[in-house]
Amino acid sequence: QVQLVESGGGSVQPGGSLRLSCAASGMIFSIYAMGWYRQAPGKQRELVAGITSSGRTNYADSVKGRFTISRDNAKDTAYLQMNSLKPEDTAVYYCHTRYRNDDLWGQGTQVTVSS
């Protein structure tokens, strides 16, 4: 069964850090681009960061310089390191890939930034 499973969410104070993980199974992870999206209450889901199979990255302007996406193909896992977190980063974060012309999503992990 092909699936993505996120972990690492939680509650943190403004200025804090979290690292999200996305473990893939049932697929040849190394050949797929991966992305992190987020959805805040009442808002549309938005792309936060993406990484290609060759390691090229892109970021939403709102997270540039604070978030870093990476991947470890030996572990079939993608990561999102989030530093200098702000209350507006509060959202459910989803891992995504385009698998055989279909969108594949993880179940999501909640990130809450609050004092």
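The values are calculated or read from the model by the stated rules, or taken from the named source; none is laboratory data. A quick note: this is a predicted structure, and the numbers were derived from the prediction, not measured. Virtual Cβ from ideal backbone geometry, glycine too; neighbours counted across all protein chains shown. Each accessible area value is taken on the protein alone, full model and side chains, heavy atoms only, with ligands, DNA and RNA left out. Shrake-Rupley method; radii C 1.70, N 1.55, O 1.52, S 1.80 Å.
Each DSSP beta bridge with both residues in the chain is either parallel or antiparallel, and the antiparallel ones are about 90%.
With all protein chains in place and a 1.4 Å probe, the accessible surface of the chain carries 45 percent carbon and sulfur. The loop-placed trypsin sites (Lys or Arg not before Pro) in region 34-82, going by DSSP, that have at most 16 neighbouring Cβ atoms within 10 Å of their Cβ come out as 43, 45, 56, 64, 66, 75. Close amide H contacts of residue 9 (hydrogens built in the peptide plane, cut-off under 5 Å, sequence separation of 5 or more or a different chain): none are found.
Net charge of the neighbourhood of residue 2, taken over other residues with C-beta under 11 Å away and scored Lys/Arg +1, Asp/Glu -1, is 0.
Applying the Karplus relation 6.51 cos²θ - 1.76 cosθ + 1.60 with θ = phi - 60° to region 66-76 yields 3J(HN,Hα) values of 10, 10, 9, 9, 8, 8, 10, 5, 5, 10, 6 Hz, where x marks Gly and Pro.
Using C-alpha pairs below 8 Å separated by at least 6 residues, the relative contact order for the chain is 36 percent.
Over region 49-115, the fraction of Cα-Cα pairs per 10 Å bin, rounded to whole percents and listed from the shortest bin up, is 17, 50, 29, 4, 0.
Heavy-atom accessible surface of the chain, averaged per residue, reaches 53 Å², computed with a 1.4 Å probe. Annotation: extensible slack from residue 66 through residue 17 equals 16.7 nm (criterion: 0.36 nm per residue apart, minus Cα-Cα distance).
Within the listed set 87, 14, 41, the residue fluctuating most in the Gaussian network model of the chain (springs between alpha-carbon atoms under 10 angstrom) is 41.
Here the chain is described by how far its Cα atoms reach on the three principal axes: 40, 26, 22 Å, from widest to narrowest.
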